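First the structure, in the form of structure tokens, and then the observations on it.
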Amino acid sequence: GSLLENEELVTSLQMSKATSEEVTEKLIVSEETERKIDSAREGYRPVSIRAALLYFVLNDLGAVDPMYQFSLDSYFDLFMMSIENSREKGVQDELSERIIAINNFHTYAVYKYACIGLFERHKLLLSFQICIKKMQREGKVEKPTYDFFLKGGIVMDRTMQRPNPTDYLDAGAWDNITELDKIPAFNGFANSFEQLRDWRKWYMASSPETEALPGEWQSKLNDLQRAAVVRALRADRVLFSASRFVADNLGPTYVDPP
């Protein structure tokens with residue numbers, strides 16, 4: 001007989017059509033929801049970047065002392081706690097404000113958490129690494145200057161080195177100056193020791209990291225470059241210079257361990 005006379009079949013086809021339309025509508029809603037979730041998740045990418053950066057700072061401490069081992073599970077718990085507790089500082093309606101609040105809270109939470117298990121002499125190293133990694137991510141650290149701050153200047157062939165015009169700098173300090181002069185930001189740095197007599201006064205200061213550099217160099221150089229000058233001339237004040245650098249760029253709380 002005719003298929004149209006089969007009421008059960010017609011009813012089934014109608015139900016199938018209605019179900020198909022319902023599924024299609026739900027798929028459209030689901031795709032729209034997924035796009036919204038992806039957009040919201042992408043907005044919080046700076047938070048995930050900062051969290052990953054801080055974890056690898058902790059992980060790298062194992063190279064300083066094998067005793068420094070940090071669990072990924074405990075770090076995850078700390079991160080979730082930071083997300084929850086960062087709202088206590090105030091309600092952040094804007095996404096940008098919320099991201100800043102989470103990052104600031106979590107960064108200091110990691111610092112306090114790690115300081116519990118560190119020797120006193122390594123706490124400044126932790127805060128310095130956090131500061132440098134953060135600034136590197138923001139594109140504020142020049143690699144040649146940072147490499148010099150870590151390693152100093154090494155002269156391979158002194159026959160090509162200009163003579164030391166001073167009577168107060170030893171050979172090691174002059175090596176540092178001539179090597180620092182090769183970095184573009186320090187172009188003319190070695191010449192300034194012939195032209196500016198104030199370098200002697202700066203060099204003889206008890207805390208040169210707090211003194212203004214002679215001539216135009218104070219305004220010409222940024223914080224890390226000024227720290228490199230301290231590294232070149234007064235290696236005995238490097239820790240104090242690093243502490244000042246962290247306080248100026250990350251905050252004074254990061255040089256005062258809890």
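Worth pointing out:
- Put the Cα centre of the range 227-258 next to the Cα centre of the range 1-77 and the gap is 45 Å.
- About its Cα centre, the dipole of the range 22-71 is roughly 200 debye, where the only charges are +1 on Lys and Arg Cβ and -1 on Asp and Glu Cβ.
- Share of carbon and sulfur in the accessible area of the range 9-95 stands at 58%, probe radius 1.4 Å.
- Rolling a 1.4 Å probe over the protein heavy atoms of the range 144-258, with every protein chain left in place, gives an accessible area that is 50 percent carbon and sulfur.
- Residues of the chain: accessible area per residue with a 1.4 Å probe, Å²: 62 Å²
- Furthest towards positive pole of dipole, Thr19, Leu125, Ala205, structure part the chain, Cβ charges: Ala205
- Trypsin sites (Lys or Arg not before Pro) restricted to DSSP loop in the range 138-209 with at most 10 other C-beta within 10 Å: Arg197
- Exposed loop positions in the chain were taken to be chymotrypsin sites (Phe, Trp or Tyr not before Pro) whose DSSP state is not H, G, I, E or B and which have at most 14 other beta-carbon atoms within 10 angstrom. Between these positions, the longest stretch is 169-258.
- Sorting Ser127, Ser243 by accessible area puts them as Ser243, Ser127; the probe is 1.4 Å, largest comes first, and only protein heavy atoms count.
The values are calculated or read from the model by the stated rules, or taken from the named source; none is laboratory data. The structure displayed is predicted, hence computed values, not measured ones. With ideal geometry, Cβ positions are generated from the backbone for all residues, glycine too; neighbour counts draw on all protein chains shown. Please note that ligands, DNA and RNA were not included when accessible areas were found on the heavy atoms of the full protein model with its side chains. Shrake-Rupley method; radii C 1.70, N 1.55, O 1.52, S 1.80 Å.
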